[in-house]
Amino acid sequence: MAKIITIAHQKGGVGKSTLALNLALCFQHQLSVVLIDTDLQGSLYHIKEDFTELAIIGLDKLQHIQQLNYDLAIIDTPPYLSSRLPELFLHSDFILVPTKAGFFDVMAIRSTLALIKEAQAKAPHLKAGIVLNMIKPRSGLTKDIAGLLENMEVPLLQTWVHDRVSIARSAITTGILNGTDPKAKEELLALAEEIVLAI
């Protein structure tokens, strides 16, 4: 049975799909990985031909998630509170909640975190973490937002992922690990390591 990492936040534009893709590409060197796109827009599913070395499947396969013959499944979720999230969370081993360093992003995260806490009450093995994503350089606001997030019930991960052109372009290139931006690679690998240690 695959370990399952679900990436969720009800707010759009926080980088869920980009992180899902790059984490899948990162882990595929050690594990058999499937990337599952549950967003009806199918952003990741539509680029699967550009990443032929990575298994990417769409929403229709979700009901068979426990039977998938992979070491790791990474699930990208839609930018709203889907009625399927509670079920997805119960199947997951780790939920990653990416957020930008903005007050509205922090306010929006509360509903997602509440669903995580409900799932953890039913599935005590379930772990979760918040990651600051798409961080602007030299922004004093980031530390203020980090302070707010540290008071949430879900842990704030130590890794911060910055707003980089290489990361934004990674879905139309070969991914961060195959790119030429060493800082982006360092952040992605640090994030992957934190997730592995948490599971």
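The values are calculated or read from the model by the stated rules, or taken from the named source; none is laboratory data. On a predicted model such as this, the values are computed, not experimentally measured, just so you know. With ideal geometry, Cβ positions are generated from the backbone for all residues, glycine too; neighbour counts draw on all protein chains shown. Each accessible area value is taken on the protein alone, full model and side chains, heavy atoms only, with ligands, DNA and RNA left out. Shrake-Rupley method; radii C 1.70, N 1.55, O 1.52, S 1.80 Å.
Below are the figures for this structure:
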read-out: Segment 22-45 residues that are part of a loop (DSSP other than H, G, I, E, B), paired with ones that are of a type in the set (D, E, K, R) and open to solvent by 10 Å² or more (accessible area, probe 1.4 Å) (beta carbon under 8 Å, 6 or more apart); value: Gln28/Glu53; Leu31/Asp71; Ser32/Asp71; Thr38/Arg84
read-out: Residue within segment 14-35 that is crowded, with 19+ Cβ neighbours inside 10 Å, modelled with pLDDT of 85 or more, among the β-branched types (Val, Ile, Thr) and under 17 Å from Asn178 (Cβ atoms) present; value: yes
read-out: Helices (runs of 4 or more DSSP H) enclosed by segment 85-199 - at least 3 residues per element that are open to solvent by 80 Å² or more (accessible area, probe 1.4 Å) and either at pLDDT 90 or above or of a type in the set (Phe, Trp, Tyr) (or both); value: 103-122, 182-198
read-out: Some residue of segment 52-62 being in contact (Cβ under 8 Å) with a residue 24 or more places away in the chain and hydroxyl-bearing (Ser, Thr, Tyr); value: no
read-out: Some residue of segment 148-162 being out of contact with any helix residue (DSSP H, G or I) (no Cβ under 8 Å at 6 or more places or on another chain) and of a type in the set (A, V, I, L, M, F, W, C); value: no
